[in-house]
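Q: Can you read through this structure? Questions will come right after.
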Amino acid sequence: MRAVIMNGPFDVEVGAWETPKPAPGEVLVSVAASGICAGDMYCYLGKNPYAIYPQICGHEISGTVAELGEGVSGPAPGTPVVVEPFIGCGECYPCRIGKSNCCVNLRIIGVHQPGGYAEYMVAPAELIHVVPAGLSLVHASFAEPVAIGVQACRRGEIGAEDVLVLGSGPIGLAVLEVAQRRGAQVLIADVVRQRLETAAKFGAETVVADEHLLQKVLDRSRGEGFPVIVDATGNIQALESTVDMVASGGRIVVLSLFKQGVRASFPALDLTRKEMTIVGSRASVGCFPEALELMASGAVTYPTIATEFNLWKAPQVFADLAENPAKVQKGVFVR
Ligand SMILES: [Zn+2]
Ligand SMILES: [Zn+2]
């Protein structure tokens, strides 16, 4: 089959790769669309510590069922589906308590094994989700990032209340719309004005994240701080500032990823004084059906930010995006 092969950092080509066969319990998917995520860019840029080369990247995958492996009863060939890319071992503690997203032996499709930047890919049958009627395959490929928003809202138990989202990148936007559908009033902060304009289009109140952010947040909340803060910045100062901006009794949801070894520090007394809840939120588990439903019903319109690229132009697209990361809000390869 034809595939986009990542040979190493800054070395990607369109070439031939052996067409996978579905093993027992697996499904072969004919890929329709596959999103471009920061993780894929990091593989290209040589910044993903888990990258294995050569590899077929792409973990935000939609397509149609092409073939069922032994022992798999459906969905029938031709059915539109999305692929949940996280494969837990099923045996470690987090897997045993239903948190396979934090599996200590986690395998990610498109990182540890071939993903969606190809004509075909295989995945375990239990990670295949049928796309609801009315949702296009290109938009359905956003199930993965929208599921991250669902997971963050579940972790933060977000309801009809004020929520501050730090970071208006693709993940901040995914959190924004899911939180709004739960009744939240969302204030979103970012350093980049252009990103805030996009957030405003999705109904967020926006604030520029400058050196006065803390004061603006306190003013906006009658000095109380926000009941819920979601950090999706990847910036350590932003993470540390959440402790100052959260209301007493409030919750902080941390989505940001940091380099191994980076430490955060807080005024320790605030942990008890405010009795705040700080939770991490990693990828998603069990969130794909809700994410697909939110998109199919029109409650989440986030996939409309997508810029489509032809998959077979991937070498040029990666080079362009490496040169100018702000060129598009969110890219998706279609074939
Ligand atoms: Zn992703
Ligand atoms: Zn596990």
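Read-outs throughout are calculated quantities, based only on the coordinates presented, and are distinct from any laboratory measurement. All values reported here derive from a predicted model rather than from experimental measurement. Cβ atoms come from the backbone with ideal geometry, glycine included; neighbour counts cover every protein chain shown.
Q: What aspartates and glutamates could a cross-link reach from residue 201, if we take a straight Cα to Cα line under 15 Å and drop same-chain neighbours fewer than 8 places away?
A: Within the straight-line cut-off, residue 201 pairs with 177, 190.
Q: Round to a whole angstrom and tell me the spacing of the C-alpha centers of the range 226-286 and the range 118-171.
A: Here the answer is 22 Å between Cα centres.
Q: Then there is this: Around residue 127, under 12 Å between beta carbons, what's the net of Lys plus Arg minus Asp minus Glu among the other residues?
A: Taking every Cβ under 12 Å from that of residue 127, the sum is -3.
Q: Given the alpha-carbon gyration tensor of the chain, what are the semi-axes of its equivalent ellipsoid in whole angstrom, ordered largest first, with each equal to the square root of 5 times an eigenvalue?
A: Equivalent ellipsoid semi-axes, largest first: 35, 21, 19 Å.
Q: Residue by residue through the range 311-322, which ³J(HN,Hα) values in whole Hz follow from phi under the Karplus form 6.51 cos²θ - 1.76 cosθ + 1.60 (θ = phi - 60°), with glycine and proline marked x?
A: 3, 6, 9, 3, x, 5, 5, 4, 4, 5, 5, 5
Q: For the chain, what is the relative contact order in percent, using Cα pairs closer than 8 Å and at least 6 residues apart in sequence?
A: So the answer I get is 18 percent.
Q: Can you give the FRET efficiency to the nearest 0.05 for residue 334 and residue 275, using r as the Cβ-Cβ distance and R₀ = 41 Å?
A: After rounding, the FRET efficiency stands at 0.25.
Q: What's the extension gain from residue 130 to residue 224 if we count 0.36 nm per residue and subtract their Cα-Cα distance?
A: Extra length from residue 130 to residue 224 when fully extended: 29.5 nm.
Q: Counting each pair of different Cα atoms once, what's the Kirkwood radius of the range 124-193 in Å, rounded to one decimal?
A: Answer for the range 124-193: a Kirkwood hydrodynamic radius of 13.2 Å.
Q: Based on DSSP H runs of at least 4 residues, each adding -39500 (n - 2.57), what is the mean residue ellipticity at 222 nm of the chain after dividing by all its residues, to the nearest 500 deg cm²/dmol?
A: Only helices count here, giving -7500 deg cm²/dmol.
Q: Which FRET efficiency value, to the nearest 0.05, is calculated for residue 237 and residue 67 with the Förster distance at 41 angstrom and r the Cβ-Cβ distance?
A: 0.25
Q: Using alpha carbon centroids, what distance separates the range 308-335 and the range 60-117, in Å?
A: Value for the Cα centre distance between the two parts: 25 Å.
Q: Out of the DSSP beta bridges found with both residues in the chain, what percent are antiparallel (nearest 5)?
A: Just about 55 percent of them are antiparallel.
Q: In whole Hz, with x marking every Gly and Pro, tabulate ³J(HN,Hα) for the range 100-111 from phi via Karplus 6.51 cos²θ - 1.76 cosθ + 1.60, θ = phi - 60°.
A: Rounded to whole hertz, the list is 5, 5, 10, 3, 6, 10, 4, 10, 10, 5, x, 10.
Q: If you take the beta carbon distance between residue 266 and residue 310 as r and set R0 to 51 Å, what does 1/(1 + (r/R0)^6) give as a FRET efficiency, to the nearest 0.05?
A: 0.60
Q: Could you run the Karplus curve 6.51 cos²θ - 1.76 cosθ + 1.60 with θ = phi - 60° over the range 163-173 and give me ³J(HN,Hα) per residue in whole Hz, x for Gly and Pro?
A: Once θ is set to phi - 60°, the couplings for the range 163-173 become 10, 9, 9, 8, x, 10, x, x, 6, x, 5 Hz.
Q: With label points built 7 Å along Cα→Cβ from the Cα atoms of residue 76 and residue 19, find their separation and express it in nm.
A: 2.2 nm
Q: If eta is 1.002 mPa s and T is 20 °C, what Stokes-Einstein diffusion coefficient results for the range 183-335, Kirkwood Rh from Cα pairs, in µm²/s?
A: The Stokes-Einstein estimate is 119 µm²/s.
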